[in-house]
Amino acid sequence: MAARTVVVAGASALVGREILQGLLADDSVVAVHSLGRRELPLKHPKLTQYRVDFKALPALPRVGEAFIALGTTIKVAGSQAAFRAVDFDAVVAVAKAAKAAGASRLGVVSAMGASARSPVFYNRVKGEMEEALSALGFDTLVIARPSFLAGDREALGQPLRSGEKLALRVSKLLAPLIPANYASVDARLVANALLTIVPRERGRRVLLSGELQNLRKPAASPP
């Protein structure tokens, strides 16, 4: 595979962290540009970090691929408008900036139930985001729609999302009875699925939790 240059947004989140680590460990990747509101406590010869305002992104260096793992909740954001500013506006802004910088391949973390026609605000915004990305004309667009994400949020300094802890416990207890697409999924599996498919396939592909869990075994997180 030819040398790859990649931009990542949201590397401080559960899935974004695993995407970043996977890219840094991949010998085919020669440079990773990470976009975030704050700098990560991480140094690597391949990694360049940019502290950015997603409302006014600078021009990006030339890249071939982009991975976007930005996301919040209405509770954390504080309002529907603030939620949309992250989960729609910021995601689309990064995708447009990456496309302008030469990216032809994009992987993005969305959510189960995403639909632009959903009566549920959260799902509707996610669906509208997916449609906006589809309209940008990437050669490859891979959309991961995980159910509840399993992973160590505390290690990232993030609060456990409302109801998530209970949902994850119930999911584990009732795992044999829950359809695969509704079962909790390890954040590492979501990252590994995107890392596997984005560089290799063309066209638009949507990955639900059941498929995310079966594509690859999770890679170990760094100590």
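The values are calculated or read from the model by the stated rules, or taken from the named source; none is laboratory data. Quick caveat, the model's predicted, so the values are computed rather than measured. Note that each Cβ is placed from the backbone with ideal geometry, even for glycine, and that neighbours are counted across all protein chains shown. The protein model used for the area step is the full one, side chains on, heavy atoms only, and it has no ligands, DNA or RNA in it. Shrake-Rupley method; radii C 1.70, N 1.55, O 1.52, S 1.80 Å.
So the values come out like this:
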{"item": "Total residues in the range 95-113, condition within 14 Å of the chain's Cα centre (by Cα) and closer than 22 Å to Ser209 by Cα", "result": "8"}
{"item": "In the range 13-49, residue most open to solvent (accessible area, probe 1.4 Å) [restricted to those that are acidic (Asp, Glu) and closer than 26 Å to Thr72 by Cα]", "result": "Glu39"}
{"item": "Residue, farthest from the chain's Cα centre (by Cα), within the range 127-147, restricted to residues that are closer than 19 Å to Ile74 by Cβ and either open to solvent by 10 Å² or more (accessible area, probe 1.4 Å) or at pLDDT below 95 (or both)", "result": "Glu128"}
{"item": "Filtered residues of the range 62-74 (kept if touching a helix residue (DSSP H, G or I) at 6+ places or on another chain (Cβ under 9 Å) and either surrounded by fewer than 20 Cβ atoms within 10 Å (Cβ to Cβ) or β-branched (Val, Ile, Thr) (or both))", "result": "Val63, Ile68, Thr72, Thr73, Ile74"}
{"item": "Close pairs (9 angstrom Cβ cut-off, 6 or more residues apart or separate chains): aliphatic (A, V, I, L, M) in the range 34-56, open to solvent by 100 Å² or more (accessible area, probe 1.4 Å) anywhere", "result": "Leu35/Arg51; Val52/Arg37"}
